[in-house]
Amino acid sequence: MIGSGRDKGGSSAKGPQSWQNLTKPTKKRVNSPQAKKRRRQHQIKIASAVLVGLAFVLFGVWGVAALREQEASIEIKSPSEKIERIIFNTNGVLPDDWIGRVLGLKSGTTMMEVDIYGLKSKIESYGQVKRASVERVFPSDLQINIEEHTPVMRLAFESRDGKRSFKIVGADGSIYEGEGYPKSVLRELPFVMPYVLPDGSFEPMRGIEEVSKLIELAKFTQPRVYRMWDVISLQNYSGDLELPGQVIEVRSKLVPRILFAAAADYERQLERLVYIFKHVEAHGNPSMEVIDLSLNGSAAVQFSSETALELFNNAF
Amino acid sequence: MSHSRVVGAVEIGTSKIAVLLGEIVSDAGLNIIGHSACSSKGIKKGVITDLDVASDCVHAAIMTAEKAAHTRIDEVYLAQTGGHLKGNFNIGVTNVSSEEGIVRGVDVERVKDEAKRRNLPDSRTYIHHIQNPFRIDGKPVDNPISRECERLEVGYWSVHGDSGIVSDCLRVISGIDLEVSDMIISSIASGAVLLEEAEKDAGALVIDIGGGTSDFVFYRKGYIVRTGLVPVGGDHITNDLSIGLRVGRKSAEEFKVKHGRAYYETGDRDEKVWLYGDLTIGDRNYPQSAITKIIEARVSEIFEIIKDQLEMEGLFQRTDIASGIVLTGGSSRLPGIDEAARRVFGLDARVGEGPANVAPELCRPEYSTCLGLLHYALTGQEDTEEAAKPAGILRRLTGLLNFD
């Protein structure tokens, strides 16, 4: 340290008459060349410091932005979160456990490990599914939406060893193993006797849309009549509406054969059918063999031979 | 958190301008990081006579020191000298206010204010109020607080200068965008660095013989009791030699530096000294005795004037100056000047030496004032009791936020 401690007693002058009140000279500042040079150097230094500071700030901002961008891309590319939940929506009857079985995802599978296009194909390969969508809902959900076929008929098979099995026929003619349908629904579905192709096969069922229209119309407009339908026979319906004599045959508990003209006015045909039932019921409800509604502008009823004989005798 | 500030100690002298740069770290340590000195222009007897020319010199010296230190000065401590400086001794007296007769802080403040109350003419401005010992019922004490007495007194040696001259000095510094943090007269600054505490307590007279003036400070019992100035310095010695030997000022200055002595010895009688010493045409020799006698006469005159000033005020008691005379300033380098002082004052005398922990080139007497300014930059010159106050929260926070 320079010197030897503090002097005894203060010595700095303060107060209104001290030199410190002279420190703000009102006169013009003395401006020597050296002072100008020093001032200029200081200004350059400050400007440089500001520029460097600005550069640092910009670099920092750029760095943060780049880092964030990098973090974002990592999120997309990385295995990310594990799948926590599968959100399954269907317009049909397929149960939740079915989707679990079909997907077959292992525990701990992450969002980005899932091949959503593969899963969609896998789900749509199942006959009951008309179309499906698979979506990742970040951070950890997988959403699957399914549209199922509407069942209209049942198809019975019998194997060579005599074992019987059933398949469902959808409104668009698709045939599939039905899963999840309540028994009451299945019981209501009539069986179908398909049109057998010349080579002995019956798939795919062509023109089934017309059959579905008839069934759906009967189901909603004449449910009592529909419930009596056991079998829809397509033996005389090839699906090709251009061909003449295309008939949809219904076998019911009341009448063994009811013949509908394909691609015709089903509503009118059903009304005639109901009329015939009422008329017949009013006349002692004789047993009928065939009701042919496919005739153009009229309907024909064929009674059983005993009933016909009884009717004939009563008539004369 | 440690912070540092760069302090510039600036002495605007008649013959030279000296600048020392010190870095004060955490208000606890000081490193001298740069210095410069250049010849003065536009200054006579310590007073600025040409503001623009003087500013050029001062600014050049400051910039040279800054360049050497590779930094900028934050604040300036400025030495003040010149014949315009005067002083007067004022005494404050008060009766102790408490019923028990115990001196309290409020009494001390009141007596101090009383002592410093004297108004100056508008053309004058105070530079220092130097406190002397308190007296309680006539007895001198350092700290009167809690002492029992009826009457409390304190004396102040107040130094004041011409407002215009002081203002010019401030304008020179503000011209280079710096502010003066404190102003200290040269002799006090030199005394602070040349004397030990014990020497101040024993009593000492420090005489700073500059180019145009000779300043002095008189310490008694550790207190600065007087400061003063004689408007005669080394330049006058040069002038005397020029006239006495009939040579030019430059040659006279060379004689003073090379062959000057301040005390005549019998051996000087036969000794001859050459003007140039290189055997060139026009070179002549002069008797050493003539040179010595001229210098001795002027140096003795300076000492006599100082002695007379002290004696006139009744302060010159040899028993009060046990540490003797300490000489500093450029002219103190004259051989035999201590002997001259010893003869005039009848006291022990020596040439002051700079602190041991300072570089040798800064220990020269020319830098003693600037070293003293740095000493005050580090320690301050506040009252003891004020300085002892703990720093307030606001002050500490301000210190923390000081990024300079």
| query | Could you say which residue among A:Arg136, A:Arg38 is under 30 Å from B:Ser55 (Cβ atoms), surrounded by 10 or more Cβ atoms within 10 Å (Cβ to Cβ) and touching a helix residue (DSSP H, G or I) at 6+ places or on another chain (Cβ under 7 Å)? | reply | A:Arg38
| request: Looking for whichever is at pLDDT below 70, touching a helix residue (DSSP H, G or I) at 6+ places or on another chain (Cβ under 9 Å) and hydroxyl-bearing (Ser, Thr, Tyr) here; the options are A:Ser12, A:Ser73, A:Ser32, A:Ser4. Which one fits? | output: A:Ser4
| In this structure, is A:Tyr181 assigned to a loop (DSSP other than H, G, I, E, B), of a type outside the set (S, T, N, Q), within 20 Å of A:Glu267 (Cα to Cα) and modelled with pLDDT of 80 or more? | no
| said: Anything in the stretch B:102-143 that is more than 14 Å from every other protein chain (Cβ to nearest Cβ), surrounded by 14 or more Cβ atoms within 10 Å (Cβ to Cβ) and of a type outside the set (D, E, K, R)? List them, or say none. | reply: B:Ile102, B:Val103, B:Ile136
| field | Residues that are over 17 Å from B:Ala349 (Cα atoms), at the interface with chain A (Cβ under 10 Å from one of its Cβ atoms) and in contact (Cβ under 8 Å) with a residue 40 or more places away in the chain, drawn from the stretch B:193-221 | value | B:Lys221
| query | Across the stretch B:302-318, which residue is nearest to B:Leu245 (Cα to Cα) among those that are loosely packed, with under 15 Cβ neighbours inside 10 Å and in contact (Cβ under 8 Å) with a residue 12 or more places away in the chain? | reply | B:Glu304
| task | Check whether at least one residue in the stretch B:382-400 is modelled with pLDDT of 60 or more, within 9 Å of chain A (Cβ to nearest Cβ) and exposed (fewer than 14 other Cβ atoms within 10 Å of the Cβ), and report yes or no. | result | no
| note | By residue number, the members of the stretch B:152-177 that are assigned to a strand (DSSP E or B) and under 17 Å from B:Ile127 (Cα atoms) are B:Gly155, B:Tyr156, B:Trp157, B:Ser158, B:Val159, B:His160, B:Gly161, B:Asp162
| request: Quick one: count up the residues across the stretch B:121-148 that are within 18 Å of the chain's Cα centre (by Cα) and of a type in the set (Phe, Trp, Tyr). | output: 1
| If you check B:Val166 against the conditions, is it within 13 Å of another protein chain (Cβ to nearest Cβ), surrounded by 22 or more Cβ atoms within 10 Å (Cβ to Cβ) and modelled with pLDDT of 90 or more? | yes
| query | Can you pull out the residues in the stretch B:144-154 that are under 26 Å from A:Ser18 (Cα atoms) and either more than 11 Å from every other protein chain (Cβ to nearest Cβ) or surrounded by fewer than 22 Cβ atoms within 10 Å (Cβ to Cβ) (or both)? | reply | B:Leu152, B:Glu153
| query | within 12 Å of chain A (Cβ to nearest Cβ), closer than 23 Å to B:Ile12 by Cβ and touching a Lys or Arg at 6+ places or on another chain (Cβ under 6 Å), is that true of B:His160? | reply | yes
| message | Which residue is surrounded by the most Cβ atoms within 10 Å (Cβ to Cβ), if the candidates are limited to the stretch A:263-283 and must be outside any helix (DSSP H, G or I) and in contact with a Leu (Cβ under 9 Å, 6 or more places away or on another chain)? | response | A:Ala264
| field | Residue satisfying condition, being out of contact with any Pro (no Cβ under 6 Å at 6 or more places or on another chain), of a type outside the set (Phe, Trp, Tyr) and part of a strand (DSSP E or B), within set B:Val19, B:Val53, B:Val58, B:Val106 | value | B:Val19
| Test: residue in the stretch B:33-46 that is at pLDDT 90 or above and touching a Gly at 6+ places or on another chain (Cβ under 6 Å) | no
| note | Of those in the stretch B:219-249 that are of a type in the set (Gly, Ala, Ser) and assigned to a helix (DSSP H, G or I), the residue surrounded by the most Cβ atoms within 10 Å (Cβ to Cβ) is B:Gly234
| If you go through the stretch B:61-92, how many residues are touching a residue at least 40 places away in the same chain (Cβ under 8 Å), surrounded by fewer than 21 Cβ atoms within 10 Å (Cβ to Cβ) and assigned to a loop (DSSP other than H, G, I, E, B)? | 5
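The values are calculated or read from the model by the stated rules, or taken from the named source; none is laboratory data. Here the structure is a predicted model, which means the values were calculated and not measured. All Cβ positions, even for glycine, are placed from backbone atoms using ideal geometry, and neighbour counts span all protein chains on display.
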